[in-house]
Every structure is written in structure tokens, then in C-alpha cells.
Amino acid sequence: EQNGNGTSFVYQSQDLLQQAQQLQEMSNATNNQLIWIASISLLVGGIGVMNIMLVSVTERTREIGLKIAIGARKSRILWQFLTEAAVLTSLGGLLGVLRIGLAEMLSHVMGTAVAISAPACIVAVAFSMVIGIVFGLVPAIKASRLNPIEALRRE
């Protein structure tokens, strides 16, 4: 196109729908990567909880054997270690939520916007407790199945 002065104009058209679809695809790819990273982190954390609980069972073998010998039910031992794992991971979840609160305070000081919802915090703590219960199940079962005679014989 040319105007009356002899200068030419170049027109460029853009499809906004196509741009929106590209942004959506990029957002989906980023979300998938974050889901994978979070899943791997939860798996590693869960294995860490399992190892800590297995060490706890090993160190407390005599205590567990004594409890079983004086009449504690296997279900009671199982619930004891499951509760311990749930409390341990719930405290970790609460510490994470407290750090989110710290981020909220820093956002007020720095004047930046942070969007944090209370239901998301509650779900995060509950999910961390579920991870503790799931990964604490193997050590709890191991503790509840200890033979009291062999457990008391160990040094």
C-alpha cells in the first residue's frame, strides 16, 4: 500500500486465537514439568520418611518386643508408628505453610503481589500427612510383626 506521499506501509496480521493456543500449550508443558518435579520430590521425601521410620523401628526393637511381651496388640504397635510418621510429616507440612506466611510478609514489605489461599495450605498439610502414612506403612508393619522373644534378645 502507498499513501499520497509515496511512502509504503507494510501490514501484518496476527491470529490472536493462535497466539492464545501457543501460550496455552506452553503453560501446559510447564505444568507437566512441575508435576513431574513435584512427584519426584514427594517420592524422595517419602523414601526419606520410610528410612527414618525403619531406623526408629530398629533402634526401638527392645521396646517394641517388651510391649508385645506384656500384651500390646499388633494393631496398637502399627498405629503407634503410623501416628508417628503422620505427625512427623504433618510438622514438615506446617513448616512449609509457615514459610508461605513468611513469603506473604515479604511481599507486603517489597510491594509485590502474592496469591496464597488457605484451602491450598490445608490441602498441602493433609497431603504431607498422607505421604507420611503411606510411606510409614512398611516400617509400622515391620514393627508390629516383630517376634517378642527375638526382639528382647537383641542388644
Rounded to the nearest 20 debye, dipole of the range 25-155 from Cβ charges on Lys, Arg, Asp, Glu: 740
Selected from Thr89, Thr30, Thr58 as most flexible by GNM, with the chain as the system and alpha-carbon contacts under 10 Å: Thr30
R0 of 30 Å, Cβ-Cβ distance Lys74-Phe127: FRET efficiency to nearest 0.05: 0.60
Average accessible surface area per residue within the chain, 1.4 Å rolling probe, Å²: 75
Selection from Val134, Ile77, Met110, by position along the positive dipole direction of the chain (Cβ): Ile77
Total charge dipole magnitude, the range 81-155, about the Cα centre, Cβ charges on Lys, Arg, Asp, Glu only, Debye to nearest 20: 220
Helical segments meeting 27 Å axial Cα length and Kyte-Doolittle 1.0 threshold in the chain (DSSP H): 118-144
Convex hull (Cα only) mean projected area of the chain, reported in nm² to one decimal: 16.5
Stretchable slack from Met26 to Met105, in nm (0.36 nm times residue separation minus alpha-carbon distance): 25.4 nm
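The values are calculated or read from the model by the stated rules, or taken from the named source; none is laboratory data. Predicted model, so just to flag it, every value in this text is computed and none were measured. Here Cβ is always computed from backbone atoms with ideal geometry, including for glycine, and neighbour counts include all displayed protein chains. Ligands, DNA and RNA are excluded from the accessible area calculation, which covers all protein heavy atoms including side chains. Shrake-Rupley method; radii C 1.70, N 1.55, O 1.52, S 1.80 Å.
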